[in-house]
Every structure is written in structure tokens, then in C-alpha cells.
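Read the structure below first, then the notes.
Here, each number is a calculation from the coordinates, and none is a lab measurement. None of these values were measured; they are calculated from a predicted model. Reconstructed Cβ throughout: ideal geometry from the backbone, glycine too, with neighbour counts over all protein chains shown.
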Amino acid sequence: MSLQAPNGRLIVWLTLFVGLLMQIIPLPEIVEAWRPDWLLLVLIYWTMALPHRYNILTAWILGVALDVLLGSTLGVRALGFSLVIYVVALHFQRMRNFTIWQQSLLVACLVGVYHLVVFWLQYVLTKATYSHDIFWPMVSSLAIWPWVFWSLRRLRRGYKVR
């Protein structure tokens, strides 16, 4: 079986799986607050690149998987992912025309929205307490987005994912 499965689906799902793994890998406590949202970044890229194939349903499924793996309230991250991916799918043509730095700022804002939605849902459901640490992943995602974008674009072009 080649890596060029029908239209490169295997490549996309492998990158999403790697993003999921990087999201749950244990990190030292000092670095944990700065962890970029790898899975969300990969989802944003594939939604921008192939919005007809990877969109809200994919985000919901991966969000539920992340909730199960993290042992959190089921559906919280799924709803956060779905809302962010809905915005990306709605404006994918505009986002494609932005420079990489404009995309980075927009991705940081989307990551912030995701974390606010997750915090709000956890607060409503489990009385979570607020901490400014929820915004550190915005900064790290802002810094890492160009690398994620260029890597996944090179992979997509190399394997002719359509």
C-alpha cells in the first residue's frame, strides 16, 4: 500500500494522529502551560487547504477523541474545535490570501477563542477556576504556526494530496 491512498487521505490522517499524539505527550510542568495546540493547528491547516474534505465533522470527532484521551468532560474540546473550524471553513479563501504573519495572528486569536470556549464550558459544567495561563498557548501557537504551515504544505505538495 502506498502513502498515496485515494487523494492522500492516509497522509492527512497520519498528520492528524501525530498532532493528537503531540497534544497528549506529557511535558514538564514549566513547559506545559506553553504547549501549542498541535491538533488544532493541524486541523486549521487541513481545513484551509481542503475545506470540502476536512471540516467541522472531523473537528468534532478529533475533539471527542482528545476529550477521551485527556479524561475531561466529554464534548468540551469537541465543541471548541468545531467552533474554530467553522470560522476557518467559512473564511478559508480569505485566510489563504493572508501573509504567513497575518495567518499567525489570526490563528493565535482562534486558539484564544478555543481556550475561552473550553474554559467557559468547564466553568459551567464543573466550576473551573480562571487562570491567565489559558492564554500562553496563544503565544506558542503564534510562534509555531509558520513552521506547521510550511511543513504541512510541503508534505501536501510532495504527496500530491488533493
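The table below lists the values:
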| read-out | value |
| --- | --- |
| Full-extension gain in nm, Trp136 to Ile24, via 0.36 nm per residue minus C-alpha separation | 38.6 nm |
| Nearest-ten-degree value, helix 100-126 long axis tilted from longest Cα axis of the chain | 40 degrees |
| Column: log10 I(q)/I(0), Debye, Cα scatterers of the chain, q = 0.09, 0.10, 0.15, 0.16 Å⁻¹ | -0.28, -0.35, -0.79, -0.90 |
| Within the chain: Cβ-based charge dipole about Cα centre, in debye rounded to nearest 20 (Lys, Arg +1; Asp, Glu -1) | 860 debye |
| Whole-Hz ³J(HN,Hα) from phi, Karplus 6.51 cos²θ - 1.76 cosθ + 1.60, for the stretch 150-162, glycine and proline x | 5, 5, 5, 5, 4, 5, 5, 6, x, 9, 6, 6, 10 |
| From phi via Karplus (6.51, -1.76, 1.60), per-residue ³J(HN,Hα) for the stretch 131-142 in Hz, x at Gly/Pro | 9, 5, 5, 5, 9, 5, x, 4, 5, 5, 5, 4 |
| Centroid-to-centroid separation of the stretch 35-60 and the stretch 126-162 [C-alpha atoms, Å] | 10 Å |
